[in-house]
Amino acid sequence: MTKLHRKKATAMRYQLWPEFSKRIRVRDKRCLVDGHGFGVCGGVLHASHFYPKGSHPLLMLFPLNCCAMCARHHLFWWHRNPVEAWQWYVHVIPHTWRDQLECMRMNALGRKGMTEAELRAEWEAWGI
C-alpha cells in the first residue's frame, strides 16, 4: 500500500467514525461500565475502544472493539486506570466476544484496504 493509499484509508476511517460511534451508542443504549445494569451513571455516551485506535488503527471501525461508556467512565476511568479497566473488560465482556476480537486483532492486516462499502457491510453483519 502506497503512502497516498494509506492517507486515503486513514481519512476514510475518520470520516466514518461519527456514524460508527453513533451506531455503537445505539447498539449498547447505556454505559456498559454501570455496575447496576440500569444506566444510572447517566451522562453523554461515548464509543470507547478496547484496543486503542492509535496502536490498532485497522480495528478502529470494528464493532467488537468498541462499547458505549458515559463520558465520566470513558475519560476518567477507562483511560486513567488501564489495569483496572482491563480487569473489568475480562470480567464483563463475554468470552466469545473477546475471542473474536482477539482473532481480529491478530489478523488485522487483513483489514487493510477495506472499502467503505465493505466496512458498512461488516457493520450490518454485526448488527449495528
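Please compute the contact order of the range 16-109 in relative form: average sequence separation of alpha-carbon pairs under 8 Å and at least six residues apart, divided by the residue count, as a percent.
28 percent
Annotation for Trp86 and Glu102: the two label points, set 7 Å from Cα along the Cα-Cβ direction, are 1.3 nm apart.
Here each label is just a point 7 Å from Cα along the line to Cβ, and for Ala117 and Lys29 those points are 3.4 nm apart. Put in order of Cβ neighbour count within 10 Å, fewest first, the listed residues His56, His91 become His91, His56.
A short reminder: the numbers here are calculations on the coordinates, not readings from a lab. A quick note: this is a predicted structure, and the numbers were derived from the prediction, not measured. We place every Cβ from the backbone using ideal geometry, glycine too, and count neighbours over all the protein chains shown.
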